[in-house]
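Colleague: The structure that follows is given in the form of structure tokens.
The values are calculated or read from the model by the stated rules, or taken from the named source; none is laboratory data. Remember, it's a predicted structure, so these values are computed and weren't measured experimentally. All Cβ positions, even for glycine, are placed from backbone atoms using ideal geometry, and neighbour counts span all protein chains on display.
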Amino acid sequence: MISKDKNVMFIIYVKDQEKSKTFYQEVLGYEPRLHVPGMTEFQLGDNVALGIMPETGIMRILEGKIQNPGIASGIPRCEIYIFVDNPNEYYQKTVQAGGTGISKTELRGWGDNVAYGSDPDGHILAFAYNADNA
């Protein structure tokens, strides 16, 4: 059984840990809770964190028993969906920090106002606002 009182961390693999740390620091607007060689962590919510690990690090940990994630660098491999007060602000931060703007804020069919961008490694960032759930 999964312990609901523990943190959950989603880890993305990146080409350049320092570059990604700086990017997420600028977009999120705060310092990581951990930044050591091989892992950077940002607390996204009470029980949710984003981990940033170099592609070479996961290859070393899993002893090369997986395909090298560097082969897919730049190809979207995940979506990080974050609820914020102002999706347009985070869309602009994404572009200014060196990411790519994909779609400015629009009301989506599921009821959220969402802006889409990507980080320097191609991971999709969705910044959402839902007035009904604010």
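Colleague: Identify, by number, the condition in (1) modelled with pLDDT of 95 or more; (2) under 23 Å from Asp16 (Cα atoms) that Val114 doesn't meet.
Modeller: Of (1) modelled with pLDDT of 95 or more; (2) under 23 Å from Asp16 (Cα atoms), only one is false for Val114: (2).
Colleague: Sticking with this structure for a sec: For residues that are within 15 Å of Ile124 (Cβ to Cβ), surrounded by 14 or more Cβ atoms within 10 Å (Cβ to Cβ) and among the hydroxyl-bearing types (Ser, Thr, Tyr), tally how many sit in segment 37-93.
Modeller: So the answer is 3.
Colleague: Right, here's the next one. Which one is modelled with the lowest pLDDT, of the residues in segment 35-72 that are touching an Asp or Glu at 6+ places or on another chain (Cβ under 6 Å), of a type in the set (Gly, Ala, Ser) and more than 30 Å from Ala131 (Cβ to Cβ)?
Modeller: First, pick out the residues of segment 35-72 that are touching an Asp or Glu at 6+ places or on another chain (Cβ under 6 Å): 49, 51, 69-70.
If we keep only those that are of a type in the set (Gly, Ala, Ser) too, we end up with 49, 51, 70.
From the residues that got through so far, the ones that are more than 30 Å from Ala131 (Cβ to Cβ) too are 51, 70.
On the way: Gly51: 97, Gly70: 78.
Here the residue is Gly70.
Colleague: Can you tell me which residue in segment 7-33 is farthest from Asn88 (Cα to Cα), limited to those that are among the hydroxyl-bearing types (Ser, Thr, Tyr) and buried (at least 16 other Cβ atoms within 10 Å of the Cβ)?
Modeller: Here is the first cut: in segment 7-33, the residues among the hydroxyl-bearing types (Ser, Thr, Tyr) are 13, 20, 22, 24, 30.
Still in the running and buried (at least 16 other Cβ atoms within 10 Å of the Cβ): 13, 20, 24.
Details: Tyr13: 26, Ser20: 21, Tyr24: 16 Å.
Result: Tyr13.
Colleague: Right, next: Scan (1) part of a strand (DSSP E or B); (2) more than 13 Å from the chain's Cα centre (by Cα) for the single condition Arg60 breaks and write down its number.
Modeller: So Arg60 meets the others, but not (1).
Colleague: I would also like to ask the following. Would you please list the contacts, defined by Cβ atoms under 7 Å and residues six or more apart or on different chains, that run from a residue in segment 94-120 that is free of Cβ contacts under 8 Å to residues at least 40 places away in the same chain and closer than 18 Å to Leu28 by Cα to a residue that is of a type in the set (Val, Ile, Thr) and assigned to a helix (DSSP H, G or I)?
Modeller: Gly101/Thr94; Gly101/Val95; Gly117/Thr94; Gly117/Val95
Colleague: Let me ask something additional. Which numbered condition in (1) in a helix (DSSP H, G or I); (2) closer than 15 Å to Glu79 by Cα is the only one that Thr22 fails?
Modeller: Looking at each condition in turn, Thr22 falls short on (2).
Colleague: Taking the criterion of being charged (D, E, K, R), out of contact with any Pro (no Cβ under 6 Å at 6 or more places or on another chain), more than 19 Å from Pro120 (Cβ to Cβ) and part of a loop (DSSP other than H, G, I, E, B), would at least one residue in segment 12-19 satisfy it?
Modeller: No; the residues of segment 12-19 include none that is charged (D, E, K, R), out of contact with any Pro (no Cβ under 6 Å at 6 or more places or on another chain), more than 19 Å from Pro120 (Cβ to Cβ) and part of a loop (DSSP other than H, G, I, E, B).
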